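Coordinate-derived values only; no laboratory data. Being a predicted model, the structure only gives us computed values, none of them experimental. Don't worry about glycine lacking a Cβ; one is built from the backbone with ideal geometry, like all the others, and counts go over all protein chains shown.
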Amino acid sequence: MSFIDRLDAIDRRWIFLMMACAVAIPIIVIGLTGARFPEVPGPTSTATFETIEALPEGAKVLFSFDFDPASAGELQPMANAFMRHLGQKKAKVYCQTLWASATPLIEETLKKCLLTQSPDLVYGVDYVNLGYQAGNEGVMKVISTDYKQSFPTDAKGTRTTAIPMMEGIENTSSFDLIMVVSAGYPGSKEWVQYVVSPTLGKGKPIQLVAGVTGVSAPQLVPYFPTQMQGMLAAIKGAAEYEYMVNEVIKAANPGKPLPPAYMEAQRRMAPQLFGHLLMVGLIIVGNTIFFVKRRQSRSGSAMKAAA
Amino acid sequence: MSRQLAIIVTLVAGVLMVVSGFIKPTQGWGEDAAEWFNILAAMAFVLGAANLAKVHLSKISSRDAGWGFSAVTLLAFAVTLAVGLFKVGVNPMPAFPDVPMSGGKDAEGSAFWWVYTYVLSSITATMFSLLAFYVASAAFRAFRAKNTEATLLLVAAFIVLLGRTFAGVVLTGWIPADSDWAFLRFENLSTTIFEVFASAGNRAIIIGIALGVAATSLKIILGIDRSYMGSGD
Amino acid sequence: MVSMIDSVLVSLTLAAQDAAGAGADGATAPAAAAESFFVSGRGALFGWLVVISVFVLVSIMKARAGKVFKVRPIAGLSAVDEAVGRATEMGRPVLFIPGIQDMDNVQTIAGLTILSRVGKTTADYDAHIEVPVSRSLVMTAGREALSASYLAAGRPDSFNEDQVYYVTDEQFGYTAYVSGLMVRKKPAACFYMGQFFAESLILAETGNSIGAIQIAGTAETSQLPFFVAACDYTLIGEEFFAASAYLSGEPDQMGSLRGQDLSKALVGAVLVLGVVVMTVGALAGGLVDLGSVSRFFQSLVGG
Amino acid sequence: MNQKKTWTIILVLAAVLLAIRSFTGPGMAKVFVEDQRFAFKQAGEKEVDGAMKPAFEAVAPGTEGAIEWTTESEVPPRAYYAAEAASPGQSAIHLSTSRTIGVWVAALLTLFIFSFLYRDNPLYKFAEATIVGVSAAYWGIVGFWDTLMPKLFGAIVPAIVTANFMPGLKEEYNFWILVPAALGIMLLCRLNRSVAAVSVIPLAFIVGTTSGLKFVSYVESDLLAQTASTMKPLLVAAPALATGAADGTANGLSLGLSIKQALIFVGVVSGLVYFFFSVEHKGIVGKTARVGIWYLMITFGAAFGFTVMGRIALFAARCEFIFDDWLWLIDPTEKRVVVEAAVASVNALLPVLPGVGL
């Protein structure tokens, strides 16, 4: 068996091992050194950042956590950066979710990103956790006309009518911005279809920014920028946005060191690079094998024909 | 008898839902139906749970190969169900201290939360992350320029892979961003692929799917296709 | 020459203003129609629903009257028999997964329809089919479908209810189970028909590693690339919905396929004509005003 | 047999290393928590939906007659070290046994699942059996507390539900809910063979409503919307911003944008032709369909490439959990103390990349 044949029939576990090394080694190195790659923000991330940056102080922002712990590796950094940016902008944050398994994630994000940054915020006045509602896009349709019908209480069981910051919230149009971090169905696509689209061309269209996984990004590209003012695509989008948010926070708090916990996405770009390089390498090797073997079989059959 | 009734129910329910899209007083029916569906699905869990218990109990009682794992499944199932149903370790909500069961089922510190955080989340996230390995082996095998179609698949993937990391910036960063050739930079090429080719391809697929769904729904409503209720042909 | 380009630009500007104007109209329309019994702004939609229904129904009637519609071959579907046959020869099971969504999803319903056809083939060949599902309701419906296909094949005794069973609602819990099942039971043929998410590639790669023939069908566009890369045959989007018609070969089903095609042809025609009119309108902007015709075409598709 | 021996040795070695790691230096995988005490006492009544309900106010813990409980919230180990340094033997921040065990359980289950990449084995089977049981119950519980309790029981027996389980819920009867309840009971008739046949009625209801709803929504949001967004003139003006027109009108035909628009149009039409079933793919139809499949392939390739990114990030997150939360090898978020010596040694080994702050 020639080298090429052996390479072609390689046990896929060697590929697995290479991938494990390509990701794990950079993580250890970066973890020990704290190094990061510089980020050059792309257009969709910049648009996201600018949409939030343009919010006035006290803007009402609905933040839907539509993901589960399984995709948190990709999406939690976005949720964190969004939350910190909102804290920085002194926005009023209304958290909710349409994914049952996201309820603990909301509490964690609020605690880790909003309250550590500004500990004097008051629940019910500056931020609220409205919890989970079953019903997928059905919920979206209902909150488009009557928010409190779908969310009669918050996650702590308090009536939404009794929460100070819920005063004046009638439906999704009452919010200055809707933020969605989504991993699948129901997610950003449904938010565009059922919440944003019906308001297009009618007075004040709803503003939406979304953080999405790499796999759903291609489907959402057509909605940007008319139906979606911003989009963070995959961990790269998260890293770019995180970088911009950190710059703003650094500028606002000179001399205060930035906790490294807030560079999660940027840290993950290094394993990302090596993973991608491995993939590219594999594709090149795969094709080299293919072409070499094709030439061999052609010259082989030519020889047979001559004989 | 039930089957005949079922066909009528399908027809009536389907037609009502179509109508509710167009007539004002019936507009909310779709949402109601969705809510009813959720209730039905939640009740149907009893069927699933009963079946799960039946399958694993029979494996254990007949000492099938791997019956020990069936015992693990049943134990995990029973424990999770019990701690969730009785809200073990859940404190009341501060607004209602007199109602012990008022706290959220997955409040931090509760037993259900523990199972969720340390068992469910870690296993599901790890299963999901296996994809990092599978994309690599699938790409190695499938992305070979065997014919025009495969070549296009390969080239598009290649450009996007490079365009989304630092490597792409390094490789084509020398092309000035404001020159006429700027579109050849990897990040711009991958954007073009998405805006033009992927967008067109997706639209064609989506339009086709919409027609497929329309025809399928119509066949179901009219009772032409009813294999889901066991009276196929 | 210059005037030509100028006229193009002027008409483009006008078109843009038209679009803006249409938006403004949209804002006032609901208020005016508030009294109406009908939901406003859905005329075009209603028209299309009627047109599609008529096309499908008329084609079905024609098919019943004896007209035979020819269809182009779809590779994945002709492979179904081959795959089941191979499983029978090897004495290994057939694995069928109707997606991971519930019965309120058309793809799941379409998947179960295909299951009833595949089930008939496995009953004919006397192969063993296994259907793990991730929703209790799908289990119930799947059992109905499969038992009927065994009955239709004249082998009701070979059907065992436990061939269709519930695993768990959790996406990756289900995936963990099915992956394990695959490497242990080594099915010779795997069918993935329904809505899939991230588990698509985990399942397809595991299936690949055990050397199974794999046929996938889904309308979930984000997962098509993975099925295309890792399966032997993939039914793309609309092909997936057409599959049950192909597999049954019944006149009704073929007729509906024809109706689907006619609708598609009409959509395509409206699209092409609309684009031609708009482009000509933009080119000849100064000479002829095609704005109203353009708007007509836009309104045809609810734009 | 030989392989079995190798694996035994590897596993034993790993266990020894873990033991060493656990009992030297700061150890590993410890979770610390801070206690927080709550105490509430009734203070009169308040009106809710026309009924008088007891009102409570927060009081100092230890007050007589108060309802009290303690919650624990996680703090970084750094906080524990600081508290210990300030007052040794303090009890406000302490080790949480259950959560520390949790981290170990999570880490081991993670490794068990990864072992499947090598091949199927008892460890994977154990993790698989666990997740099937846990997750099936999890979703059952979610359905019970989030759907059945508020929507079904809350509508039929609201007084019982609000008094015992969901005091925040509005007490309101909704007898329409009896319809899905009845359908649900018909569904459960499957459990009894003699009445199992009625279970097709709820199925028929579900399938019927789904078909009706999707028939309308797919034609509207997919067929018409996608066709409408493709129906645009093939000549596209350059955006006003790019050409700097002061009045905001278009003032230049953009060749690039026009080509893009034309390519999209060609792609959509040829893609549609590919999906024709009743026409053989021969001649002009065949050629157009071929172009259609090319577009589809580019679409798939691009989507594949894009997805790789997300998948690697997920694996990276799992690695961070193992190295950081469990093994305490790295500390990227400074939860503990950075090991200065390790940084120095890595820096010495690696060449400094330009622009990369190593």
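Here are the numbers for the structure shown:
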| quantity | calculated |
| --- | --- |
| Average Cα contact separation per residue, chain C, under 8 Å, 6 or more apart, as relative contact order % | 25 percent |
| The stretch D:12-139 shape via C-alpha gyration tensor axes, a/c threshold 1.5 | oblate |
| Shape category assigned to chain D from the gyration tensor of Cα positions, a/c cut at 1.5 | oblate |
| Built amide H within the under 5 Å cut-off of C:Val94, gap 5+ | C:His128, C:Ile129, C:Glu130 |
| Tilt relative to chain B, helix B:67-85 - C-alpha long axis, 0 to 90 degrees, to 10 | 80 degrees |
| Relative compactness, the stretch B:8-138, computed as alpha-carbon Rg over 2.2 N^0.38 Å | 1.55 |
| In degrees, nearest ten, helix B:148-163 long axis to first principal axis of chain B (Cα) | 90 degrees |
| Nearest 10 degrees, 0 to 90: helix A:12-33 Cα axis against chain A principal axis | 50 degrees |
| Alpha-carbon centroids, the stretch B:1-72 and the stretch C:165-188: separation in whole Å | 21 Å |
| Cβ-based exposure ranking for D:Ser270, C:Ser149, B:Ser61, in which fewest neighbours within 10 Å come first | B:Ser61, D:Ser270, C:Ser149 |
| Partner chain coverage, peptide C:255-268 - average Cβ within 10 angstrom | 6 |
| Residue mean of other protein chain beta carbons inside 10 Å, C:150-159 | 1 |
| Loop-resident sites, the stretch D:161-230, for trypsin sites (Lys or Arg not before Pro), counting at most 12 other Cβ within 10 Å (DSSP) | none |
| Average beta-carbon neighbours from other chains, 10 Å sphere, peptide A:206-216 | 4 |
| For the stretch A:50-258: rounded, prolate or oblate by the Cα gyration tensor [a/c cutoff 1.5] | rounded |
| Ranked A:Asp8, C:Asp157, criterion: other C-beta atoms within 10 Å, fewest first | C:Asp157, A:Asp8 |
| Exceeding the 23 Å Cα-Cα cut-off - candidates A:Lys60/A:Lys112; A:Lys148/D:Lys170; A:Lys236/A:Lys256; A:Lys141/D:Lys151; B:Lys219/D:Lys232 | A:Lys236/A:Lys256; B:Lys219/D:Lys232 |
| Rg [Å, one decimal], Dmax [Å, integer] - the protein assembly as shown, C-alpha atoms | 30.1, 106 |
| Mean projection area, nm², convex hull over Cα of the stretch C:134-212 | 5.5 nm² |
| Long-range tail of P(r) for the stretch B:132-229 (Cα pairs > 15 Å, %) | 74 percent |
| Neighbour-limited loop hits for chymotrypsin sites (Phe, Trp or Tyr not before Pro), the stretch B:15-105 (at most 14 other Cβ within 10 Å; DSSP other than H, G, I, E, B) | B:Phe86 |
| Candidate lysines - alpha carbon under 18 Å from D:Lys282, same-chain residues fewer than 8 apart omitted | C:Lys70 |
| Reach of D:Lys5 by Cα under 21 Å, taken over lysines that are not fewer than 8 positions away in the same chain | D:Lys125 |
| Per-pair calculated FRET efficiency, R0 = 60 Å: B:Trp67 and D:Ala92 via Cβ, rounded to 0.05 | 0.80 |
| Within the stretch D:185-222, backbone nitrogen closer than 12 Å to the virtual label 7 Å beyond the Cα of B:Val12 toward Cβ | D:205 |
| Burial ordering of B:Leu85, B:Leu131, D:Leu178, fewest other beta-carbon atoms within 10 Å first | D:Leu178, B:Leu85, B:Leu131 |
| Normalised contact order of chain D, rounded percent, pairs of Cα under 8 Å and 6 or more residues apart | 12 percent |
| Approximate spin-label separation D:Leu257-D:Asp35, in nm, with each point projected 7 Å along Cα-to-Cβ | 6.7 nm |
